[in-house]
Structure formats: structure tokens, C-alpha cells
Amino acid sequence: MVQSNSMSMLAVLYGSAFVAAFNENIVNVALVSIMGEFSIGAEMAQWLVTGYMIVTAIVVTATAFLSKRLRLRSLFFGAAGFLIVGSLACMIAPVFPVLLVARLVQAIGTGIFIPAMMSTVLAVAPRKRLGTYLSIGSCMITFGPAFAPVVSGLMVTAFGWRSVFLPSAVIVVLLVVCGALLIRNIAEPEQVKLDLMSVALSALGLFALVNGLSVVTTALPVALIAMALGLAGIAGFVFRQRRLTHPLLDLSPLRNPRFSLACVLVVVAMMTTFSMSVLLPLYFEGSLGMTAFASGALLLVPILVNAGTALAGGRTMDRRGAWPLLPVGFALIAVGQLAICLIAPSLSWAAVLVGSIAVYAGVGLIFSPSQTAGLQTLEPEQNSHGVAIINTFIQVAACIGPSLFIGILSTTSAGAAASGADASSAQAYGFSSAVATAAAVAFAGLLVSFFYAQSMRAKAPQTATAPTPLPTKPDVGTIMKHDAFTVPSTATVHEAMHLLLEHKTSGLPVVDVRNNVVGFISDGDIMKTLAVQKPSGYDLAYGLAVYRDDDEFNERLSEVMKLNVMELATPTVVAIDANASIEDVCRILGAKRIKKAPVVEEGVLVGTVSRTDVTRHLMGSFVERQEA
């Protein structure tokens, strides 16, 4: 488990991912009302979704750069600012172009929030429980779309479509307040430069490709030219990244076939969830004549099922791996979509809802595990690039899916209407055709997932047939010291100083009555308080000896010694989970540049581990192997 202070920070970042996903889907059930007010068609209105995704994708490609250039707190508050300003502008937009631009401003915040959450999870979560922590993030991204249709449907029905942007603004303001208290920086910024040409190429490529897909069924020559231009822009972007010393998006993880195939699975999953979140409201409202609120309420059921299966999928991935989790998930998606496309023309909302539940359940099983399977194959230094690549693919899929499928829906509906079908039936036929195309994509994903999961299974170590049992992978429990010295949170600084000198150590964890770690006190904390000027570093015993004859110093010393230890202790504790691996211990001690850290289990102190402990264990293991 992540230490409590890190978990509090993750809770805020999980909340930011929730509001980002919530905001992505807030306009879906309002599209019909927006189309009516501004007198535009579905092809134009869907740019509120597709354009949003394009800008998000462009920002996501730059998240690796942003994470290096800026501190986490700067990223968080900057993203919050874009979402708040964009939401307020959406509420007062007088014409559709202003509304679209305001949505694009919101998209900048979304493009920062979700990758920042994933990168932080990778930085602080134990690697062997990565699937669980990523699945929690996936649930937050899922809960956003789950509540967005219901909330926006209620707002549209009761107050009009402009009110749907108010909840996002309110939630972000609350997150800003929490973030000011709980978000901490986890890495120092680097002096890297933004390559504007890379940004331009990615923007050109994505816009042209998505625009071409949106008109492929109505204006094929224009679509082919646009898609060719888009592919050329993307190819130019990829070529430029390979030549840059500090690329905007480091594509080196894609050389790993296991990671690149996982990205394909993530794309199919995201195309499914975002496409269905747009197509289903159009079917419920356009074909069945439901209100926006009723449409959103129906969507809540399958998306909540998705959240449940996402948690189950993450835990199963941690325990058993990708087999048979991924094939089962894709099979549910493909079968559910096939059933929907066969049933939709009969205008049976109940049957379509059942099929949608199967689809969303399948997405929950594969979305987070697909990401975990890919990210676990990367080296730690590639994590930020892997997250940026996966999030870029997610946003590209979210752009391509709605554009392609809504284009198919619109074209098929128009053809059916021209053949004499009434408006409801024509919309249903269009919906059925779009879902049929999505089902074909899902069946392709099923084939890829089957062979991918089998290959992952084949590469797992087969200890049952090995001639000698393989050694279990050591964790921190095998090397830590269980008799940890501590300071009670009720102690004075004088008592803490006595313990530091008695145990000949430079720092001790501070614990409450339940033995929960609530702080860390070091000789440096005490000396910084005593010194007139902030010192670069002191040994406590040496410092006291030097200043013992200084009256002014002795007076300050007497005052400081009476203070409660928590007034000097560092509240942000770098703690290590009791289930952490040796690799996790090395990473944390090295990244934080500390010699020793407390080991906690569910927040309770169970021991301490130091660099010396790790070194002795590794050297001992090496000697044993040499003598064997």
C-alpha cells in the first residue's frame, strides 16, 4: 500500500481524473439540444466531442515534456485554471464557434490531469500492485462518464444545456482547495525546451486524420486527401522525434513489441467506450424519443458495471496476469455489440441496454489491464514516456472512434430516410450500422488479445517443471529491521533529541498512539530551527558542542527544547510499503536521496530499512550464488 501521505495526494489526483473524464462526456446528452439551438447537424455538433479529444491528444503528447519542465503542483493548478475558465466561457457562449473554442480550452486541462495522475501512480505505487492502483484510476475515469450523462441530463431537462458546465467548474474549485493542502512535488524540473515543430506536426496530423474520417462516408475524395495529409503529418512527427535529442514524445518504448501490442488493445478499448458514450444517447433520444435525463439514467447502469469490472480486472491482473482476462473482456465487447446491432432496429431499449451492459463490462476487464501489461514491460526510466504514449493513443482513439462511427450513423440514417423510413427508424438503422462497424473492430481486438495474452503466459516462469525451485523474489520484509526506534508524537523536542543521541542516528519516525507514522524528525530539522541562518547540514552532537558557550544560542535552545516534536518534524514522510520489492526500495531511497526510511503496513510502522540493509542483502546474495 502507498504510504498515507502519498495516498492523500493520489486521492486528489484521482479526483482530477474523474472531473476530466466527467467533463469529456458532459455534452453527450446535450448534443440534441445544442443542435436545435444553433441549427446545426450531428456532423458539426460532434466536433464538441471530437475537437475536444484532438486538443487533449495534442496536450497529452506534450505531457512528458511538461512533467520534466514543470513541477507537479504547477501542472495541477494550471490544468485546473484551464478547466475553470473554459467552463465559464461555455456557459455564456453566444454562438457555436465560441462554444467550440471554450470546449477546446477545457480540453487543455483534461490533457494534463489524466496523465499527471497516471505518472504519479507509477512514481509512488508498489510495482507488484501497479494493476490495482491503475485500476482505481481507471475507475475514476469511468465514474466520470457514469455520472456525466445523469447529471447533464438532469441539468438539460431542468435548466437548459448551458447549465451542464457548472458542475465541472464547482468540482475543480474544490479540488484546487484540496490540492493546495495535499499535492506535493515529486521531482525537480529540468531545463528542456519545447519543440514547436513537433507540436505543429501532431496538431496537423490529428486534425486532418480525424476530419477525413468524419466525412469518409459522405465525401470520399475529400476524406482521402485529408487522411493522406493527416498520415503525412503523423509520419513527419514520428520522424522528427527520432532526430531530436529531447523529443516531445519519446517513442522508444514502442520498440518493445509487448508494449506496442498493449497500446493496440488500449486503442480498441477506448474506441469502444467513447463511441458508445456518444452513440447510445443519440439512439435513446433520436430513435426512442427519450428525454436527456432518461437517456443519461440508462447509461448510468452499464457504466457503473464498467467501474465494478475495472476493479476486478485490475486485481485479477495483479494476481494472475493477462490470461484469460483480456480475451474474455474482448469477447464480451464483441458479442455485446453484435447483439446491439441486430436488436437496435426493433427499437427495444431494454435489449439494447442489456447488450450495452455486456460491452461496458468487457471494457472494464481490459482497459486498465491492457495498460498495466504494457507498462510493466518498461524500464522505470521509460515510465513517463510510456504513460505519454498510452494516453496519446487513448485520446487519438477517442477522436477517431466518434468521428468514424457518427459519420457512418449519419450516412446510413440519411440513406434510410431517403428510402422512405420514418425519422426514428432511420436513426435506428444508422445506429445499428455504426455499432456493427464497432463490433468488427472488437473482433479484431479479440484476436490480437488472444495471441498477446498467450504470449505473456508463455513467457511467465514455469516453476513447476523446473529442475530446482526458483528463489522467491525478496521484498522489504526480508531485509528491514523490525525493532524500529521511534519518537512519540506527544514528545518534546528535548526528548526527541535525547533519543537521536542515544541511538546514534540522524533521524527517527514520529508515531501516534496507534503506531501510525505521522512525521519524521532529524538532527537537521532541529539544527535548522536553532541556527540564525539556514545551514547546509549539521551533525547534532557536533553542533551542540560548538555552540554550548553561546548565551544567545543557549536561550534559543531552551525555547526549542520545550516545543512539541511535531512542530519541527517533517509531516511529509517518505515511507515504504511492507509489501514493496527490493527494486521499489532502491528506487525510493535513490530518488529521494535518503539513507533510511520507515516501513509501514496500512499506515502502521513495522520497521525501518536503510541503504546499508539493501547493500548487505545484495552482497550476501551475490556471495551465496558464487559459493553455490
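The values are calculated or read from the model by the stated rules, or taken from the named source; none is laboratory data. The model shown is predicted, which means the values in this text are computed figures rather than measured ones. Please note: Cβ atoms are built from the backbone with ideal geometry, for glycine as well, and neighbour counts cover all protein chains shown.
Here residue 281 qualifies as at pLDDT below 80, part of a helix (DSSP H, G or I) and either of a type outside the set (Lys, Arg) or in contact with an Asp or Glu (Cβ under 9 Å, 6 or more places away or on another chain) (or both). Could you grab me the full set of residues in segment 226-241 that are within 29 Å of the chain's Cα centre (by Cα) and loosely packed, with under 15 Cβ neighbours inside 10 Å? Of everything in segment 226-241, those that are within 29 Å of the chain's Cα centre (by Cα) and loosely packed, with under 15 Cβ neighbours inside 10 Å turn out to be 231, 235, 239.
Would a scan of segment 25-38 turn up a residue that is more than 14 Å from the chain's Cα centre (by Cα), among the charged types (D, E, K, R) and within 30 Å of residue 234 (Cα to Cα)? No: zero hits. Only one entry in 441, 354 is over 14 Å from residue 279 (Cβ atoms), of a type in the set (A, V, I, L, M, F, W, C) and in the same structural domain as residue 298 (by TED's automatic domain parsing), namely 354.
In segment 156-178, the condition of being part of a loop (DSSP other than H, G, I, E, B) and assigned by TED's automatic domain parsing to the domain that holds residue 79 is met by at least one residue. Inspection of segment 486-501 finds no residue satisfying the criterion of being at pLDDT below 75 and polar (S, T, N, Q). Hey, any hits in segment 256-278 for a residue that's among the hydroxyl-bearing types (Ser, Thr, Tyr) and over 25 Å from residue 51 (Cα atoms)? Yes, because at least one residue in segment 256-278 is among the hydroxyl-bearing types (Ser, Thr, Tyr) and over 25 Å from residue 51 (Cα atoms). The requirement of being in a helix (DSSP H, G or I), touching a residue at least 12 places away in the same chain (Cβ under 8 Å) and either buried (at least 20 other Cβ atoms within 10 Å of the Cβ) or basic (Lys, Arg) (or both) is not satisfied by residue 304. Per the listing 334, 322, the residue uniquely part of a helix (DSSP H, G or I), assigned by TED's automatic domain parsing to the domain that holds residue 144 and either in contact with a helix residue (DSSP H, G or I) (Cβ under 7 Å, 6 or more places away or on another chain) or aliphatic (A, V, I, L, M) (or both) is 334. What residue, among those in segment 586-604 that are charged (D, E, K, R) and over 15 Å from residue 485 (Cβ atoms), is modelled with the lowest pLDDT? Top of the filtered list is 592.
So, in segment 436-451, of the ones that are farther than 17 Å from residue 397 by Cβ and touching a helix residue (DSSP H, G or I) at 6+ places or on another chain (Cβ under 7 Å), which residue ends up modelled with the lowest pLDDT? Outline the logic, then answer.
Taking segment 436-451 as the starting set, the residues that turn out to be farther than 17 Å from residue 397 by Cβ are 436, 447, 450-451.
Still in the running and touching a helix residue (DSSP H, G or I) at 6+ places or on another chain (Cβ under 7 Å): 436, 450.
Values: 436: 85, 450: 82.
Ranking the qualifying residues of segment 436-451, first place goes to 450.
Residues in segment 422-450 that are free of Cβ contacts under 8 Å to residues at least 40 places away in the same chain, of a type in the set (A, V, I, L, M, F, W, C) and buried (at least 17 other Cβ atoms within 10 Å of the Cβ): 426 only. Could you check, for segment 250-271, whether at least one of its residues is outside any loop (DSSP other than H, G, I, E, B), without any contact (Cβ under 8 Å) to a residue 24 or more places away in the chain and not hydroxyl-bearing (Ser, Thr, Tyr)? Yes.
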